1. Taking the Cα centre of the stretch 61-294 as the origin, how large is its charge dipole in debye, to the nearest 20, when only Lys and Arg (+1) and Asp and Glu (-1) carry charge on their Cβ atoms?
2. Karplus couplings for the stretch 240-257 from phi (6.51 cos²θ - 1.76 cosθ + 1.60, θ = phi - 60°), rounded to Hz, Gly and Pro as x?
3. Can you check what the net charge comes to around Ser247, using other residues whose Cβ is under 13 Å from the Cβ of Ser247 (Lys, Arg +1; Asp, Glu -1)?
4. Tally Lys/Arg at +1 and Asp/Glu at -1 over every other residue whose Cβ is under 11 Å from the Cβ of Thr67; what's the total?
5. In nm, to one decimal, how far is the modelled label at Leu273 from the one at Arg203, with both set 7 Å along Cα→Cβ?
6. Scan the stretch 238-287 for chymotrypsin sites (Phe, Trp or Tyr not before Pro) in coil per DSSP, keeping those whose Cβ has at most 15 other Cβ atoms within 10 Å, and list them by number.
7. Considering only DSSP states other than H, G, I, E and B, which trypsin sites (Lys or Arg not before Pro) in the stretch 111-214 qualify as loop sites with at most 12 other Cβ atoms within 10 Å?
8. In the P(r) worked out for the stretch 61-294, what percent of Cα pairs fall beyond 23 Å?
Amino acid sequence: MQRDACGQVSGEEAKVLGKGTGARLLACAMLAVCMVLVGPSTPNGGLFAGPRHAAAAGDVVPNRVLTWNICNPCEVSDVDRAADIAAYAPQVIGMQEACVRDVERIREYLKNLHGLVYNVEYGSVLRKWGRCGGAPWSPGAFGQAILSAAPMTDPVNVEYPDGGSEDRGYMAVTTTVAGQPVRVFNTHLAQRRQETVRADQTRVLAAEVARHDRAILLGDFNADPDAPELTRIWALATDADPQCRPSPTGTCLPTTDWQSKFDYVFLRGFVPLRHRVHPTPHSDHHLLHTDVNPTDVDPT
């Protein structure tokens, strides 16, 4: 008598087996329904998680950093956001438009579904029910977050004196990338058509970045590479995309659904090895990750 993976039989055999087989058939049918309802658990539609693009399960790429504006408010599952991140397994992740509750869930899914364990620091700049839910008298916290596979120290969270149409700020931590201690910054500048506000914000940010010989600056700058308000940043650091420069000859890959480059990985004391932009249906901003190598830094 031949059975399939669920122990199913056919024809006269089913009549002979009677109730026992009927119960098995019902159980298998219920399992199939659950699998359809739950859907695929991997971004490529596979039922079970397969190998990621860059590493085995539970590993991170120690010299990879990623920035992503995860989109808020958006009707997006944090399971899907975690799967997007896990596909590239970065050492450090900078998120913008991040609600604390969403980041908590993303971090949990990264650990439980993908075997990736991250520490977290938050750079929340406002509490807003419309952005992050919660009770009207106790809304969720909103802003930036940094996840790092290595421990983080000396966290700071700075709100810009003028956020523009919405409070904005930057956060910074010291952690490890490519085996080297580094100051990592994560920011979200004022919305579009607020150039003078962004210029003031980059003045504040650049003054702090300049204090560190080795720094990585992640974020959504809401400005094209040749925007005047980014001049101070370009003077301090280089873009992880070697082809992207603030000049007519620069060729910058777009990082948004509206084909603008607003998202950056700026490097100071590191050189880029590989730079990738990954569109995703789960945000209006693409995932941007870079593999880096440290350069020799003069201790004086």
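The values are calculated or read from the model by the stated rules, or taken from the named source; none is laboratory data. All values reported here derive from a predicted model rather than from experimental measurement. Quick reminder, even Gly has a Cβ in these numbers, built from the backbone with ideal geometry, and neighbours come from all protein chains shown. Areas reflect the complete protein model, heavy atoms only, side chains present, ligands, DNA and RNA absent. Shrake-Rupley method; radii C 1.70, N 1.55, O 1.52, S 1.80 Å.
1. On the way: 23 positive and 28 negative charges, 80 e Å.
Dipole magnitude for the stretch 61-294 comes out near 380 debye.
2. Result, ordered by residue: 5, 8, x, 8, 9, 9, x, 8, x, 8, x, 10, 10, 5, x, 10, 9, 5 Hz.
3. On the way: positive: Arg245; negative: Asp224, Asp226, Asp239.
Surrounding charge for Ser247 is -2.
4. On the way: positive: none; negative: Asp220, Asp263.
For residues surrounding Thr67, the net value is -2.
5. Result for the modelled spin labels: 4.0 nm.
6. Working: sites: Trp258, Phe262, Tyr264, Phe266, Phe270; in loops: Trp258, Phe262.
Listed in order of number, the matching sites are Trp258.
7. Values: sites: Lys111, Arg127, Lys128, Arg131, Arg168, Arg183, Arg192, Arg193, Arg198, Arg203, Arg211, Arg214; in loops: Lys128, Arg168, Arg192, Arg193, Arg211, Arg214.
Loop-located and lightly packed - Arg193, Arg211.
8. Values: 11575 of 27261 pairs.
Pairs farther apart than 23 Å: 42 percent.
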